[in-house]
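I have a structure I would like to understand better, so I am pasting it below and will then ask my questions one at a time.
The values are calculated or read from the model by the stated rules, or taken from the named source; none is laboratory data. Predicted model, so just to flag it, every value in this text is computed and none were measured. Backbone-built Cβ (ideal geometry, glycine too); neighbour counts: all protein chains shown. Surface areas here come from the heavy atoms of the whole protein model, side chains and all, with no ligands, DNA or RNA. Shrake-Rupley method; radii C 1.70, N 1.55, O 1.52, S 1.80 Å.
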Amino acid sequence: RRNTIEDRLRGRPQPHLSRSRAIRIRQVPLGIAGLSLDPTSRIIVYSAIMQENEVYQAIGEAGFRSLAAAFYRQVPEDDILGPMYPRGDLAGAEERLCDFLIFRFGGPPRYIENRGHPRLRIRHAPFAVTQKARDRWMLLMTHALEEISLPPEVSSILLDFFSATATFLLNRTE
């Protein structure tokens with residue numbers, strides 16, 4: 001008997017699938033799936049959901065370097081975030097963000113080796129992380145993600161992480 005997606009969903013062992021992989025099932029119109037049959041017909045599309053620790057493998061160090069660079073190119077001229085960053089240390093801030101993201105998403109632990117535990121709330125305590133600053137940080141990071149055009153699954157994982165973390169770092173009211 002062949003292994004089918006239905007077997008996977010029923011929990012039958014699938015030796016060729018990693019246990020860390022989840023399966024997402026959804027129905028889409030055939031036109032969206034790239035097929036040119038009757039557009040009212042539907043098919044089921046099966047796709048594996050990428051795990052956070054697989055992001056580094058998908059985009060590598062170059063992807064994270066491009067993201068950090070695209071983000072920090074916007075910071076100096078921003079009226080909310082610009083004043084929070086010391087002009088003479090933007091390159092250092094970019095490097096720290098890059099190393100942190102590489103570590104956080106499955107890459108080498110350079111950030112931990114150089115700086116220890118991330119302690120994000122403590123490290124950001126000196127800065128007024130208000131709702132307005134959080135939203136602007138998210139806007140600039142979203143622009144950076146759009147600029148470098150990462151695979152959609154990677155961008156989705158990163159945006160979810162950035163949104164949750166930026167909210168976690170709120171430390172002042174407006």
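So how do 55-64, 88-97 stack up, highest first, on mean other-Cβ count within 10 Å?
By packing density, highest mean first, the sequence is 55-64, 88-97.
How much FRET efficiency would the formula 1/(1 + (r/R0)^6) give for Phe127 and Gln57, where r is the Cβ-Cβ distance and R0 is 30 Å, rounded to 0.05? Walk me through the numbers on the way to the answer.
Working: r = 32 Å, r/R0 = 1.07.
For R0 = 30 Å, the calculated efficiency reads 0.40.
How many nm is it between the label spots at Asp79 and Phe161, if each spot is 7 Å from the Cα in line with the beta carbon?
Output for this residue pair reads 3.2 nm.
Still on this structure, I have one more. Could you pull the Cα extents of region 65-113 along its three principal axes, largest to smallest, in whole Å?
Largest first, region 65-113 extends 33, 18, 14 Å along its Cα principal axes.
For Glu153 and Leu120, FRET efficiency with R0 = 35 Å and r from the beta-carbon atoms, rounded to 0.05? Working shown, then result.
Working: r = 24 Å, r/R0 = 0.70.
Calculated value: 0.90.
In what order, largest first, do Thr142, Thr167 sit by accessible area if the probe radius is 1.4 Å?
Thr167, Thr142
May I pose another question? Please work out the Cα center distance from region 49-99 to region 154-174, rounded to the nearest Å.
14 Å
Just the number please: accessible area per residue for region 104-166, 1.4 Å probe, all protein chains included, in Å².
Counting only protein heavy atoms, the per-residue value for region 104-166 is 54 Å².
Something else: Cα-Cα pairs above 20 Å in region 79-167: how many percent?
On the way: 1553 of 3916 pairs.
Everything past 20 Å amounts to 40 percent.
For region 90-101, take each phi angle, set θ = phi - 60°, evaluate the Karplus expression 6.51 cos²θ - 1.76 cosθ + 1.60, and give the result in whole Hz per residue in order, putting x for glycine and proline.
With coefficients 6.51, -1.76 and 1.60, one gets 4, 5, x, 5, 4, 5, 5, 4, 4, 4, 4, 5 Hz.
Which value in nm describes the separation of the simple spin-label points at Thr142 and Ala93, placed 7 Å from the Cα toward the beta carbon?
2.1 nm
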